[in-house]
Ligand SMILES: [Zn+2]
Ligand SMILES: [Zn+2]
């Protein structure tokens with residue numbers, strides 16, 4: 001992918017690496033032995049939902065404002081990941097991720113400030129090298145898609161939560177608001193938008 005790898009000192013790679021980029025894909029069933037490797041998927045064309053409303057623009061930035069970007073089109077539902085890696089990467093109980101096709105993502109400034117860290121083989125987490133804001137993650141096995149961190153987007157954000165994933169390894173001190181699908185590990189199927 002030609003991406004750089006960040007400073008590995010002090011970073012710990014956990015055994016499991018979730019990948020919630022299952023949008024618009026067909027997925028083979030998960031099994032614990034396959035958690036290191038992304039299950040074989042066949043990427044399908046973007047849905048009509050993803051294609052519509054291409055005139056909508058969402059704006060986002062990191063904390064220092066050095067990185068600014070826009071996302072064109074309707075946002076996918078927000079995926080909440082409770083895994084240990086996401087907790088460490090965010091410094092909080094969860095990561096809130098929106099899958100975005102790179103064709104819909106444009107940088108207004110600061111793309112050169114992105115620092116890449118390979119948190120597990122083929123999995124890149126990108127953050128601002130100035131302020132440390134997590135910006136997105138991506139996988140070699142799913143080219144063309146980044147998962148933007150929802151907290152970077154300017155309010156209001158119309159996208160709603162899709163599901164909780166990796167609740168089996170969630171922070172013991174963080175309650176989960178009920179009413180959404182919960183998965184102890186991977187989300188088994190592509191999420192359906194909540195309308
Ligand atoms: Zn920044
Ligand atoms: Zn995670």
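FYI, it's all coordinate maths here, none of it is from the lab. A quick note: this is a predicted structure, and the numbers were derived from the prediction, not measured. We place every Cβ from the backbone using ideal geometry, glycine too, and count neighbours over all the protein chains shown.
What is the spin-label model distance, in nm, from residue 88 to residue 63 if the labels are put 7 Å beyond Cα along the C-beta direction?
1.9
With the Cα gyration tensor of the stretch 49-139 in hand, give its eigenvalues times 5 under a square root as the equivalent ellipsoid semi-axes, listed largest first in whole angstrom.
22, 17, 12
Give me log10 I(q)/I(0) at q = 0.13, 0.16, 0.26 Å⁻¹ for the stretch 94-137, Debye formula, one equal scatterer per alpha-carbon, no solvent.
-0.30, -0.47, -1.14
Suppose R0 equals 22 Å; then what is the FRET efficiency for residue 106 and residue 160 from their Cβ-Cβ distance, rounded to the nearest 0.05?
0.35
Roughly what % antiparallel, to the nearest 5, for the DSSP beta bridges in the stretch 66-195? Mind dumping the intermediate values first?
Details: 25 of 30 bridges.
Looking only at bridges with both residues in the stretch 66-195, the antiparallel portion is about 85 percent.
In whole Å, what are the Cα extents of the stretch 116-195 along the three principal axes, biggest one first?
Taking the Cα atoms of the stretch 116-195, the three principal extents are 36, 32, 30 Å.
Assuming a ≥ b ≥ c are the square roots of the Cα gyration tensor eigenvalues, decide whether the stretch 114-158 counts as rounded (a/c under 1.5), prolate (otherwise, with a/b larger than b/c) or oblate.
oblate
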